[in-house]
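First up is the structure itself, then whatever we jot down about it.
The values are calculated or read from the model by the stated rules, or taken from the named source; none is laboratory data. These numbers come from a predicted model, not from an experiment. A quick note on method: Cβ atoms are made from the backbone with ideal geometry, for glycine too, and the neighbour counts reach across all protein chains shown.
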Amino acid sequence: MTDPSTRQSADRRMVVAAAQLGPVQLEESRESAVTRLVTMLRTAAARGAEFVVFPELAFTTFFPRWWNEDQDEVDARFFESSMPSPDTQPLFDTARDLGVGFYVGYAELVPADQSPDGRTRRFNTAILVAPNGEIIGKYRKIHLPGHADHKPEAAFQHLEKRYFEVGDLGFPVYRFMDALVGMLICNDRRWPEAYRVLGLQGAEMVTLGYNTPTENLHYPEPPAQRVAQHLLMAQAMAYQNAVWVVQSAKAGFENGFRMFGNSVIVAPTGEVVAKTTSEDDEVIVHDCDLSLGDDLRRTMFNLEAHRRPEHYGLIVERTGVRITPANEI
Ligand code: CDV
C-alpha cells in the first residue's frame, strides 16, 4: 500500500493526449480505424505526449445502436477475441516504437474455452498499455446504459445491456509510468461512486473513452444541455477527487447518427485545460503536473480526515430510491 504522504515529490509530470476519433462508419474496416489511431498516436508523440487516451469501442462503429439477432455476425464484426489481434497489432507496434503508452476501448469476447465458467462472455473493455507495448491493466465497463430489448419505435437503439455483461473487475488503479491511473468507460462518468472508488485507491489520473449520442434516446433534450452536463461532470469529478481527468470521444455522424465531441483534459482544480473543437480526428495535449492535486488531498479532500463512511451505508446497501421520510417513524 502506498502512503499518500510519500508521493509529494516535486515535479512529477506526464504529457498526456486525448485522441478524439471522428466517426467510424459501419462499413469502415478495423484496419482503417487502426490506421487512423496510429496516425493520431504519431501526432500526439510529435507533440511530446507520453500517454494517449483513445475512445470507447475505438476499432468499430458504435454498434449497440443497432438491433442484430445474429450474434455470430455481431461477434465477427465488432468483438475482439484476442488483444492485440492481427488488426490491432500496428497500434501496439507503433506505441512501442514511439515509447508511448495508451488507453483504448474495445468490445472484448472471452471465448468459452478461455472462460473460467465455460461460458462465452462479452464486455465493453478498456486496457492500459505501457510504452513497451505490454498490456498492464484492464477495466470492464460497470455502468452499462440503455436497454436489452428491441425498441423498433425509437430513432436508434442503445443496446449495451444486450451485447455486454456488467464488468467483473471492479475499479482497479494501476501504477503507470510515474502516476496512479484509473480507467472508466463513458456512462461511468455520470456515477460519483465510480470516481470515489478510484480516489480511495490514490488515483491521480482518471482516463475515460466515450460515445455519447447528441440526441437523447428517451426524451427531447437540447444538445447544448447534454454537452454542458458532460463538462460539468468532468470538472466536478476532477475537483472532488483531486484527479486529472482525460476523456476522449468518438464523435460526429456515424451512418446518420450524431455523437458529440468535446474531449477534455481537466485539472484536479476542476479547470478545463484542453478541449477539442471538432467532431473529427483531433488530438489535444497537456503537460500534467501530477502533484497538482496534493494540496487538495491534504486539506479539503483529505479523505482519511473528513469522510464519514458510518453515515454512507445506503450507498452500498440500496440501489434505487425508497422514500423514507425522517418524520415517519
Ligand atoms: N456509451 C455510453 O455509455 N453512452 C451513454 C449514453 C447512453 C447516455 C453516456 O453516458 O454517454
Q) If ALA112 passes every condition in (1) surrounded by fewer than 15 Cβ atoms within 10 Å (Cβ to Cβ); (2) out of contact with any Gly (no Cβ under 7 Å at 6 or more places or on another chain); (3) small (Gly, Ala, Ser) but one, which one does it miss? A) (2)
Q. If we scan the range 202-219, do we find a residue that is among the acidic types (Asp, Glu), surrounded by 15 or more Cβ atoms within 10 Å (Cβ to Cβ) and away from the ligand (no atom under 14 Å from the Cβ)?
A. yes
Q | Candidate set from the range 285-329 (those that are small (Gly, Ala, Ser) and without any contact (Cβ under 8 Å) to a residue 40 or more places away in the chain); member that is farthest from ASP11 (Cα to Cα) | A | ALA326
Q. Given the conditions (1) surrounded by fewer than 19 Cβ atoms within 10 Å (Cβ to Cβ); (2) out of contact with any strand residue (DSSP E or B) (no Cβ under 8 Å at 6 or more places or on another chain), and given that VAL34 satisfies all but one, which numbered condition is not satisfied?
A. (1)
Q.
Could you go through the range 193-200 and let me know if any residue there is modelled with pLDDT under 95 and away from the ligand (no atom under 11 Å from the Cβ).
A. no
(Q) Give all pairs with beta carbons closer than 6 Å in which a residue from the range 89-104 that is at positive phi meets a residue that is not aromatic (Phe, Trp, Tyr); count only pairs at least 6 apart in sequence or on separate chains. (A) GLY99/PRO131
Q) What's the number of the condition PHE176 fails, among (1) touching a Phe, Trp or Tyr at 6+ places or on another chain (Cβ under 8 Å); (2) within 15 Å of the ligand (Cβ to nearest atom)? A) (2)
Q.
Please go through (1) within 16 Å of the ligand (Cβ to nearest atom); (2) over 25 Å from GLN25 (Cβ atoms); (3) surrounded by fewer than 24 Cβ atoms within 10 Å (Cβ to Cβ) for LEU184 and return the number of the only condition it doesn't satisfy.
A. (3)
Q) Which fully enclosed strands (runs of 3 or more DSSP E) of the range 183-277 have 3 or more residues being within 22 Å of HIS158 (Cα to Cα)? A) 205-210, 244-249, 252-254, 257-259
Q. So is GLU31 of a type outside the set (A, V, I, L, M, F, W, C), at pLDDT 95 or above and assigned to a loop (DSSP other than H, G, I, E, B) or not?
A. no
Q) Of all residues in the range 166-181, which are buried (at least 19 other Cβ atoms within 10 Å of the Cβ) and free of Cβ contacts under 8 Å to residues at least 40 places away in the same chain? A) PHE171, VAL173
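Results for (1) surrounded by 15 or more Cβ atoms within 10 Å (Cβ to Cβ); (2) modelled with pLDDT under 95; (3) of a type in the set (D, E, K, R), shown as yes or no for each residue.
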{"position": "ALA49", "(1), (2), (3)": "yes, no, no"}
{"position": "LEU57", "(1), (2), (3)": "yes, no, no"}
{"position": "PHE63", "(1), (2), (3)": "yes, no, no"}
{"position": "GLN71", "(1), (2), (3)": "no, no, no"}
{"position": "ASP75", "(1), (2), (3)": "yes, no, yes"}
{"position": "VAL104", "(1), (2), (3)": "yes, no, no"}
Q.
Test of understanding: among LEU296, LEU303, which residue is farther than 30 Å from THR39 by Cβ, aliphatic (A, V, I, L, M) and touching a Leu at 6+ places or on another chain (Cβ under 7 Å)?
A. LEU303
